[in-house]
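Just so you know, all these numbers are worked out from the coordinates, no wet-lab data involved. Computed from a predicted structure; not experimentally measured. With ideal geometry, Cβ positions are generated from the backbone for all residues, glycine too; neighbour counts draw on all protein chains shown.
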């Protein structure tokens, strides 16, 4: 269903728009795809490293032994000085990864 037209949100502009709240003149410039800041430091061969770590750890969570919903995680987070080396990567299930991240974020 089309959106109702409204006046541009920029003060003093009488133009009408049905898009982002701003007319074409005042709309922010369109940007193409941007990598997230989280992935900016990810190495180009990340998918190969991920496959290597999954095989090395036998597709098994290294905390609880689960074999589904697996994620490759950093033992020491990159934000805290960890690296992308294979020795700093391990396999965790989604549940264990969330628990680990929760405690890291709390500083415990």
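Just to be sure I understand the filter: pairs with C-beta atoms under 6 Å, separated by 6 or more residues or on different chains, first member in region 44-61 and touching a residue at least 24 places away in the same chain (Cβ under 8 Å), second member surrounded by 12 or more Cβ atoms within 10 Å (Cβ to Cβ) and part of a helix (DSSP H, G or I). Which pairs pass? Taking only residues 6 or more apart or on different chains, the pairs are 61/96.
Restricted to region 42-52, and to residues there that are assigned to a helix (DSSP H, G or I) and under 20 Å from the mean Cα position of the chain (by Cα), the residue that is surrounded by the most Cβ atoms within 10 Å (Cβ to Cβ) is 49. In region 53-108, what residues are in a helix (DSSP H, G or I) and surrounded by 13 or more Cβ atoms within 10 Å (Cβ to Cβ)? Selection gives 53, 54, 78, 88, 94, 95, 96, 97, 99, 100, 101, 104.
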